[in-house]
């Protein structure tokens with residue numbers, strides 16, 4: 001085979017590889033996204049600033065959940081979920097003076113409890129868990145058997161109230177409220193104390 005034929009042959013091979021690549025890469029990316037959508041829900045969230053809109057996926061398999069964030073056309077980051085069963089829902093919240101965009105994942109567990117996790121995007125656009133610190137112990141999820149979560153924004157100071165049924169008195173109308181405050185520099189909720197709360201003399205829309 002002379003030099004001219006070798007060049008033509010090489011060009012044909014290169015063109016064939018490019019054509020296959022142009023077809024296969026978008027196809028494989030599309031297939032991956034379809035597979036992610038099969039195991040749960042997906043939503044598009046706007047994280048503002050230089051981040052913009054990102055697609056977020058929840059996927060569950062064998063009672064194990066994962067949260068995926070689509071970083072760009074071909075790349076994903078994920079983090080394993082904690083405390084959930086077979087399903088959950090995902091939402092976006094804006095908290096604090098700087099309107100930090102966080103991801104909230106919530107789902108019912110057991111007979112009447114609800115589990116929640118919160119996440120933010122790091123500098124690599126990957127989801128990182130916002131932790132909960134209570135009496136020196138860290139956890140990546142929090143649950144309520146009431147179930148009731150109250151997220152309050154008091155002039156940029158974020159408080160999270162988590163309610164538990166008071167089984168020592170009346171689990172229907174009496175609860176114990178754990179209160180956490182959000183420390184933005186450390187990306188964590190820190191336990192600030194507990195208090196008893198009664199629904200007996202509270203109007204339906206006045207439970208804060």
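Every read-out reported here was derived from the displayed coordinates using simple, explicitly stated rules and does not represent laboratory data. Just so it is clear, the model here is predicted, and its values are computed rather than measured. As a convention, Cβ positions derive from the backbone with ideal geometry for all residues, glycine included, and neighbour counts pool all protein chains shown.
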Residues in the stretch 157-176 reached by a label modelled at residue 195 [backbone nitrogen below 14 Å; 7 Å Cα→Cβ]: 159-163, 175-176
Difference of contour (0.36 nm per residue) and Cα-Cα distance, residue 93 to residue 113: 5.0 nm
Which of 179, 165 has the fewest Cβ neighbours within 10 Å, and the rest in rising order: 179, 165
Fewest-first sequence of 163, 53 by Cβ atoms within 10 Å of each Cβ: 53, 163
Computed FRET value (nearest 0.05) for residue 41 with residue 153, which takes r as the C-beta separation and R₀ as 25 Å: 0.45
Relative contact order for the stretch 39-198, counting Cα pairs under 8 Å that sit 6 or more residues apart, in percent: 13 percent
The stretch 39-198: projected area of the alpha-carbon convex hull, averaged over directions, in nm²: 10.3 nm²
Spacing of the two label points (7 Å from each Cα toward its C-beta) at residue 168 and residue 138, in nm: 3.1 nm
Inter-centroid distance (Cα atoms) of the stretch 168-205 relative to the stretch 110-139, Å: 18 Å
Against the rule of thumb 2.2 N^0.38 Å, how large the Cα Rg of the stretch 84-167 comes out: 1.15
Least to most buried among 104, 137, 146 (fewest other Cβ within 10 Å first): 137, 104, 146
